[in-house]
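All remarks here apply to the structure that follows.
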Amino acid sequence: MQRSAPRPPLRFSTQTLLLQVAVVLLVVLLSAAVHAWLTYDRVGSEAENQALTLARTVASDPSVRADVQAISAREGTPPPAELAAGPLMQAAEAARTRTGALFVVITDETGLRLAHPEPERLGGKVSTDPSEALAGREVTTRNTGTLGPSAGAKVPVYAPGSSAVVGEVSVGYSMETVGQSVARDIGPVAGTAAGALLAGVLGSFLLRRRLQRLTLGLEPEEISTLVHDQVAVLQGVDDGVIGVSADGRISVFNAAAQRLLDLPDLTGGRWEDAPVPDQVKSLTRPGTAGSDALEVVAGGRVLVANARKALHRREDLGWVVMLRDRTELQELTRQLDAVGTMSTALRAQRHEFANQLHTLAGFMSIGQHRQAREYLAQLAATGPLTFPVEQAELLQDPYLQAFVGAKGVEAEERGVALRIGPETLVRGHVTEAQDVTTVLGNLIDNAVNAAVAGAATERWVEVEVLDEPGGDGGTLHIVVADSGDGLAEGTDAEAIFAEGFSTASGPLARNGSGGQGFGLALARQLARRRGGDVRVLDRGRQGGPGAVFMATLPRTTAGSAEASGTLGTPGTLGTQGSLGTPGTLGTARSDTAPRSAEMKGDNNDG
């Protein structure tokens, strides 16, 4: 026999609705029941009081008292026919008819009926206990007698002029009449209860709809799973994630975003007031497609930012901003470019080495040993590998030698001569290679672009590097000039350090991997993060020489030793050929073959 599939459990929102309806129904029913009971009790108490008043009235009637005493004094009880025609029966029925009571019963001192609405019951024992009243106490009762359930009272009848009890008067009002009175009163109560129940059900339904909207129709188990997944994913990825709700609040700001932007957790704050770059905020503004990524420099890093609209069943949930770090990729690309350039240079010089060996072999084969020795001495003096960088021997640090040499090969391919300025002096070794090569590489790349774009026939880039010893690490001073056309007329020297600023276009665009218009911004941020700076020493002029840039990088070298030409007073670099005045480095030089005295370079690709 095939078993039926189990019925899926009710949704949480449906369970909540049913529970709320049940609670509202229970409260309404209990309230109605309590109100009905209180009304029933109140009306019953009023009936008892009314019966007690009527019983007192009948019992205090002098004629009733005299007639009850007279019958009680006789031997035996008169027959029912005599009682039915007697004055007690007439008085009792007159009182009952006048007040609408269920019964008015008069008994003697033994509890035998002397007056009763049903004549056939006269002379018989009353159905309820009369002892309390016959003992001289007034009582109110709710019981069921021969005429049905009633609320009544029993009052003793005293002999005229005496305190002797000779009988009692029992008056009752039908509880069915009391129930009818309660039914009349309970009608509005029931209507109010029904209205309250309807309002409660409607409120529960609206609350269910709101709960579904707030939870996006998810069950509690699904919400719990989503929370765990969100924490695991957002805190486990290397990309920065910023969630912006539809009302402009930051709902998510994961650890990667805090690290990339160098900011604390901004969750809960307003997105427009957040201290993040305006370019990132612009991705979420109205009218933005949110599909195009942009590069932005923040926290000394080059970040790629993009934003996507978050929707759920046509409901606008806000924006999700993604931040990816390209700084490490740039550094690796730059290093790979340097290695590739050096490899190309080595392959190119392989033929030169082969020719040199052939020459040596020729000298030896013809017996020209002296010429062979001189030729070997010449090779030993120049070294086995040369870069197209003038005065490269002034750079003592191996890392700087290799890096600048690779840049010299790139520059030579573009028709630009890269040379080291005569004032160069590096006595220590570089300890922060990434920051140094990022700043130096960007400055050289921009200078080469400016030299290529310039109007000068002789294209060159000149670099001077000096280190200054310090207690917690030496400071590296880098000056880069070129033969370009200088900064454009009207260009603010500070504006070129803004993110995205660039005057280069087409084939003159910078070769760096940071993207167009971010080299100088990144270089300055890296320098300032270390307590240094990158600034313009000279704007240059049209036709060359171009602008001069200077970078100061504290705590980037170590092992500096005292040597001639040490740094003197603050603001000077050495003595002979020192930085005496702003914009000058060393002695004067001609416009066609400028030395470091007034090195100028057009680095207008910011």
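Where a number appears in this text, it was derived from the coordinates with a stated rule and is not lab data. Quick caveat, the model's predicted, so the values are computed rather than measured. Cβ sites come from the backbone with ideal geometry, for glycine too, and all protein chains shown count toward neighbours.
Starting from the exponent 0.38 and prefactor 2.2 Å, build the expected Rg for region 14-181 from its residue count and divide its actual Cα Rg by it.
Working: Rg = 20.8 Å, N = 168, 2.2 N^0.38 = 15.4 Å.
In units of the globular-protein estimate, region 14-181 measures up at 1.35.
Please compute the volume of the convex hull spanned by the alpha-carbon atoms of region 32-75 and report it per residue in Å³. All intermediate terms of the calculation are to be shown ahead of the outcome.
Details: hull volume 2.6 nm³, N = 44.
Measuring per residue, one finds 58 Å³ for the Cα hull of region 32-75.
Quick one: if the Förster radius is 35 Å, what FRET efficiency do Leu226 and Leu202 give, using the C-beta to C-beta distance and rounding to 0.05?
Numbers: r = 31 Å, r/R0 = 0.87.
Calculated transfer efficiency: 0.70.
Can you give me the P(r) profile for region 236-325? Cα pairs, bins 5 angstrom wide beginning at 0, each as a whole percent.
Histogramming region 236-325 at 5 Å steps yields 3, 15, 27, 29, 18, 7, 1, 0 percent.
How many times 2.2 N^0.38 Å is the alpha carbon radius of gyration of region 435-499?
Working: Rg = 14.3 Å, N = 65, 2.2 N^0.38 = 10.7 Å.
Against the compact-globule rule of thumb, the ratio is 1.33.
With each label point set 7 Å from Cα along the Cα-Cβ vector, what nm distance links Lys125 and Ala70?
It works out to 2.9 nm between the two label points.
Rank these for me by crowding, Arg113, Arg541, Arg270, going from fewest to most other beta carbons within 10 Å.
Going from least to most buried by this count: Arg270, Arg541, Arg113.
Can you pull the Rg over Rh of region 100-209, Cα-only, Kirkwood? Before the final figure, lay out the partial values.
Values: Rg = 22.7 Å, Rh = 16.8 Å.
My calculation of the ratio gives 1.35.
May I ask you to sort Asp129, Asp482, Asp108, Asp472 by Cβ crowding, counting other Cβ atoms within 10 Å and putting the fewest first?
Working: Asp129 13, Asp482 39, Asp108 23, Asp472 7.
With the fewest neighbours first, Asp129, Asp482, Asp108, Asp472 line up as Asp472, Asp129, Asp108, Asp482.
To the nearest 0.05, how large is the calculated FRET efficiency for Ala455 and Phe353 if R₀ is 35 Å and r is the Cβ-Cβ distance? Could you put the intermediate results ahead of the total?
Numbers: r = 39 Å, r/R0 = 1.11.
Efficiency at R0 = 35 Å is approximately 0.35.
Could you list His369, His477 so that the one with the fewest beta carbons within 10 Å of its beta carbon is first and the one with the most is last?
On the way: His369 10, His477 21.
By the 10 Å Cβ count, ascending: His369, His477.
Could you give the spread of the C-alpha atoms of region 139-179 along their three principal axes, from largest to smallest, in whole angstroms?
41, 16, 12
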